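*Asks:* Below is one structure. I have some questions about it.
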Amino acid sequence: MPGAAETRGGGDQRLQVGNVETGGQRGANDERESLVNDRRRGTKYEITPKVDEVASIHAFMNDFDCKALDPSVVGKACVESAEAFYTQHVRLWLDRDPVLAKSEVRDTGGGLHTILRLDEPILVAAGEARIWDDIARGICNALPGDPNLNGLIALTRPVGAMNTKYDPPREVRLLRPGEPVTRAEILDLSRQVAEQPARLWMRLFFGGERAEPCPFCGGESLGVAGYWQVRCYKCGRVNAASLVYRFYSPQFLDECKEGRHG
Ligand SMILES: [Zn+2]
């Protein structure tokens with residue numbers, strides 16, 4: 001459906017922001033579920049609002065693509081199975097944070113959607129949608145999800161819907177039911193990502209402020225060394241973001257740099 005973006009109006013901007021796959025691609029017309037406004041279901045062309053059109057937020061999501069993962073870090077099974085990735089890694093990461101532990105998790109066929117559902121919707125005042133969009137994007141940085149995810153207007157796939165990107169199609173399955181979170185919990189998580197990223201990532205990935213052995217060199221141990229840095233005697237000081245980037249495959253990181261990933 002090459003004309004779909006134009007008929008919606010404002011589609012050009014959205015396509016640039018999120019680098020959404022173009023129409024006509026396999027699975028492009030699958031049923032999706034919005035987490036804002038009236039939580040519509042339909043194709044992404046039908047239900048994606050512009051950021052400035054968001055008046056209420058019901059949930060925040062993250063999106064993990066198994067194909068983006070480095071098998072030498074997560075294990076080969078996790079690149080081939082979203083459920084294996086959940087069981088072997090994501091479940092442990094979520095359980096190490098009191099807010100992320102309340103995530104709902106869906107196996108979408110080729111990856112995972114984690115959803116933090118609000119106990120009551122956040123009503124977005126005029127002009128505040130961009131602020132909440134930054135918060136939505138910020139909390140995604142807690143874990144190695146898709147860096148091109150669409151922030152506030154990202155769409156999930158309904159449980160039971162079919163993902164036709166695959167042949168045969170795969171059914172979207174609920175792996176973890178989740179619990180409601182408060183607006184204050186969302187803001188707290190957002191603050192930790194912004195203000196204490198090294199500490200947060202060490203806790204999520206290793207359960208504390210120290211990892212033994214060091215995940216980068218395999219020797220010694222790695223510890224928090226400042227809010228944006230970690231340190232190992234052999235590796236020296238390392239940008240803490242490497243704790244997240246190490247999960248992505250080299251090919252995926254190259255695609256991100258070239259802006260080809262969608
Ligand atoms: Zn090291």
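*Asks:* Where is the GNM fluctuation largest for the chain (alpha-carbon springs, 10 angstrom cutoff): 31, 83, 220?
*Replies:* For the chain, modelled as a Gaussian network with Cα springs under 10 Å, the answer is 220.
*Asks:* In addition: For the chain, what does the helix formula give at 222 nm: sum of -39500 (n - 2.57) over DSSP H segments with n ≥ 4, over the residue count, nearest 500 deg cm²/dmol?
*Replies:* -8000 deg cm²/dmol
*Asks:* Let me ask you something else. Which whole-Hz couplings ³J(HN,Hα) result when phi for each residue of the range 233-247 is put into the Karplus expression 6.51 cos²θ - 1.76 cosθ + 1.60, θ = phi - 60°, listed in order with x for Gly and Pro?
*Replies:* 4, 7, 7, x, 7, 10, 4, 4, 4, 4, 5, 8, 5, 4, 7
*Asks:* Under a straight-distance cross-link criterion of Cα-Cα below 22 Å, which lysines are reachable from residue 76, leaving out those fewer than 8 residues away in the same chain?
*Replies:* 67, 165
*Asks:* Next question. How big is the antiparallel share of DSSP beta bridges in the range 102-208, given as a percent to the nearest 5?
*Replies:* Beta bridges within the range 102-208, antiparallel portion: roughly 90 percent.
*Asks:* What does DSSP give for the chain in terms of the percent of beta bridges that are antiparallel, rounded to the nearest 5?
*Replies:* Of those bridges, close to 95 percent are antiparallel.
*Asks:* Could you order the peptides 75-82, 135-142 from most to least packed, using the average number of other C-beta atoms within 10 Å per residue?
*Replies:* 135-142, 75-82
*Asks:* With just the Cα atoms defining each centre, how far is the range 130-153 from the range 182-239? Give it in Å.
*Replies:* About 19 Å separates the Cα centre of the range 130-153 from the one of the range 182-239.
*Asks:* Now for a separate question. When N is the residue count of the chain, what does its C-alpha Rg come to as a fraction of 2.2 N^0.38 Å?
*Replies:* For the chain, the normalised Cα radius of gyration comes out at 1.01.
*Asks:* Moving on. Just name one of 168, 251, 152: the one whose Cα is farthest towards the positive end of the charge dipole of the chain (beta-carbon charges, Lys/Arg +1, Asp/Glu -1).
*Replies:* Working it through, the farthest residue towards the positive pole turns out to be 251.
*Asks:* What does the charge dipole of the chain about its Cα centre add up to, to the nearest 20 debye, if the Cβ of each Lys and Arg holds +1 and the Cβ of each Asp and Glu holds -1?
*Replies:* Rounded to the nearest 20 debye, it is 420 debye.
*Asks:* Ok, one more. Given 140, 25, 123, which one lies farthest toward the positive end of the charge dipole of the chain, if we put +1 on the Cβ of every Lys and Arg and -1 on the Cβ of every Asp and Glu?
*Replies:* The Cα lying farthest towards the positive end belongs to 140.
*Asks:* Note down the relative contact order for the chain as a percent, whole number, built from C-alpha pairs under 8 angstrom at least six residues apart.
*Replies:* Dividing the mean separation by the residue count of the chain yields 20 percent.
*Asks:* Charges at C-beta only: +1 for Lys and Arg, -1 for Asp and Glu. How large is the resulting dipole of the range 196-262 about its Cα centre, in Debye rounded to 20?
*Replies:* 180 debye
Laboratory data are not the source of any read-out in this text; all were calculated from the coordinates shown. What you see is a predicted model; the values in this text were computed from it and never measured. As a convention, Cβ positions derive from the backbone with ideal geometry for all residues, glycine included, and neighbour counts pool all protein chains shown.
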